[in-house]
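The values are calculated or read from the model by the stated rules, or taken from the named source; none is laboratory data. Keep in mind it's a predicted model, so treat the numbers as computed, not measured. For neighbour counting, all protein chains shown are included, and Cβ atoms are generated from backbone atoms with ideal geometry for every residue, glycine included.
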Amino acid sequence: MSNLAVIIILLTVVTALAEVTDKIRIPYPILLVLAGMGIGLIPGLPSVELHPDIVFLIFLPPILYAAAWTTSWPDFKRAKRPITLLAIGCVIFTTCAVAVVAHYFIPHFSWAEAFVLGAIISPPDAVAATAATKGLGVPKRVVTILEGESLVNDATGLIAYRYAVAAVVTGVFSLSEAGIQFFYVAGGGIAFGLALGFIFKWIHKITPDNPTTDTTLTFLVPFIAYLGAEEFHMSGVLAVVASGLYLSWNSSDIFSQRTRLQANATWDTVIFLLNGIIFILIGLQLPVILKDIDHSSLVKLIGYGAIVSLAVIVGRIIWVYPGAYLPRWLSKKVREQEPDADVRLVTVIAWSGMRGVVSLAAALALPLTLADNQPFENRSLIIFLTFCVIFSTLVIQGLSLRPIIKWLGIKPDDREHQDELDARLKIASAVIEKIEEEYSLSLSEDVLNQIKTKYEIRIQRVTKNKIRSRLDDAQLIEFHRIQEELLKMERQHIITMRRSGKISDEALRKLENELDLEEARLILDKR
């Protein structure tokens, strides 16, 4: 089977399963991994091997860039303390905890190999955590912390991985040298990403507005950031994140509305496909991984996988709770600047530690031989244990997160939505006031009334939304269902009129576009 045929089949499976996951309410990364495992075990099918370079050079840059783009920089700054504690502190703590457990519970597992395993499986996955909490009514601050952690923790894990692998291969390790290199790699990556973001901002501003070329440029940024930073031995991950956050924060000054609409739609589709393919590829690696291990000791190896998975899950829990409360007890400044740490929300953060493709790619990238040309004996075992951790955290934590949130009684935080409605009211009222002050004498009455009516309708719509926000969940579901049915009826009437020759194709497209915008507004209201 050709590579093209494999890609088309994977895209078909991803699209089909995306439709299913909305109905069965299972986070799509979990469903895709399980589907990949099932497909991979079908006899006669060719194995699909995941090359680490494909992950690091093709999948990772755009996925991280898109995640950074949708992250609010002000929210990120406000949550920088918990994000730093998780993305750096928790990753290092988990690396050490896993290393201790692996060294003492797995026979003939050296300290260097144990630290390699710990570094590989210490960072949670960027996509899995977001997908698992999507639509569960988790407060915005929790989502910001989880997304912010996932943007930075890959860099911490990969830097630790780099030095742990070097220690295994060469047998030499210097903590002081590693510490100095860490600051160069991390700081250099951030500086490179910010510089690149500034350059692309300048390019966008001096070139004519062209949605197609502007959208293309947005796809070039993450790859240039990653490859450029890695070329100078800096963190490509942090370079991508820094450039994404910088350009996202300045996007209103850079892009026209046409570019934003086109770029957002294009990026949504591309990221959906990349995420889908990458998770199904994780599942497809199962037969490849099983091929390289001793089947006679499979039960024992699964036991090791369970022990390491437990260390990963428990290690995060042990870190998160003290990390949430100790700084508040010790620092008055933290108590004054940050909201109280709700134990229910801390529990959600502690339980949202799903691992993903970066861990698997790092494991697959391990060298086959050491510096003295001796084989890396525990390489296959490390890859197998990594897969066990990915599977365990995705399935156990991912599937249980929804019932845990429901059991904890966590309700959606409506404050942000109310702030948004208040802002719309203030803006529309300010515009009407400006119209009356500056244009009442210079414009004809008909034109003036037409402009004012536009903003008065906005005020009416916002007022209705504020009233609607007081409805309970059942009433809101019923409201949106009726709205969707009415929109379908309108579409059917338009199609009937076109078929009967009462309106032209051009009129059809214009009316359909208006209904598309109305339906998009309805979808936004449902979020």
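Computed quantities for the displayed model
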| read-out | value |
| --- | --- |
| Residue that is nearest to residue 50 (Cα to Cα) [pool: residues in the range 356-415 that are part of a helix (DSSP H, G or I) and among the small types (Gly, Ala, Ser)] | 361 |
| From 225, 166, 195, residue being modelled with pLDDT under 90 and closer than 26 Å to residue 56 by Cβ | 166 |
| Cβ-Cβ under 7 Å pairs, at least 6 apart or on other chains, the range 358-381 side assigned by TED's automatic domain parsing to the domain that holds residue 166 and surrounded by 12 or more Cβ atoms within 10 Å (Cβ to Cβ), far side of a type in the set (S, T, N, Q) and at pLDDT below 80 | 371/170; 376/369 |
| Failed condition for residue 209, given (1) of a type outside the set (S, T, N, Q); (2) surrounded by fewer than 13 Cβ atoms within 10 Å (Cβ to Cβ); (3) under 18 Å from residue 69 (Cβ atoms) | (3) |
| Filter pass, residue 159 being in contact (Cβ under 8 Å) with a residue 24 or more places away in the chain and either assigned by TED's automatic domain parsing to the domain that holds residue 111 or of a type in the set (Asp, Glu) (or both) | yes |
| Any hit, the range 170-184, residues being in contact with a helix residue (DSSP H, G or I) (Cβ under 8 Å, 6 or more places away or on another chain) and surrounded by 19 or more Cβ atoms within 10 Å (Cβ to Cβ) | no |
| Qualifying position, being at pLDDT below 85 and not small (Gly, Ala, Ser), among 144, 94, 133 | 133 |
| Single match in 385, 401, 368 (criterion: in contact with a Phe, Trp or Tyr (Cβ under 7 Å, 6 or more places away or on another chain) and at pLDDT below 85) | 368 |
| Some residue of the range 258-265 being among the hydroxyl-bearing types (Ser, Thr, Tyr) and surrounded by 17 or more Cβ atoms within 10 Å (Cβ to Cβ) | yes |
| Test set (1) buried (at least 23 other Cβ atoms within 10 Å of the Cβ); (2) within 15 Å of the chain's Cα centre (by Cα) - residue 82 fails condition number | (2) |
| Residue 71 within 14 Å of residue 158 (Cα to Cα), modelled with pLDDT of 85 or more and in contact with a Gly (Cβ under 8 Å, 6 or more places away or on another chain) | no |
| Unmet criterion (only one of (1) closer than 20 Å to residue 238 by Cα; (2) in a helix (DSSP H, G or I)) for residue 123 | (2) |
| Tabulated pairs, the range 215-234, first closer than 17 Å to residue 250 by Cβ, second surrounded by 19 or more Cβ atoms within 10 Å (Cβ to Cβ) and polar (S, T, N, Q), C-beta under 6 angstrom, 6+ apart or interchain | 221/243; 225/243 |
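Per-residue answers, yes or no, for (1) over 27 Å from residue 99 (Cβ atoms); (2) hydrophobic (A, V, I, L, M, F, W, C); (3) more than 26 Å from the chain's Cα centre (by Cα):
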{"site": "166", "(1), (2), (3)": "no, yes, yes"}
{"site": "181", "(1), (2), (3)": "no, no, yes"}
{"site": "193", "(1), (2), (3)": "yes, no, no"}
{"site": "206", "(1), (2), (3)": "yes, yes, yes"}
{"site": "215", "(1), (2), (3)": "yes, no, no"}
{"site": "226", "(1), (2), (3)": "yes, no, no"}
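A quick yes/no check of all residues on (1) touching a residue at least 60 places away in the same chain (Cβ under 8 Å); (2) not β-branched (Val, Ile, Thr); (3) not in a helix (DSSP H, G or I):
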position: 274; (1), (2), (3): yes, yes, no
position: 277; (1), (2), (3): yes, no, no
position: 288; (1), (2), (3): yes, no, no
position: 297; (1), (2), (3): no, yes, no
position: 304; (1), (2), (3): yes, yes, no
position: 340; (1), (2), (3): no, yes, yes
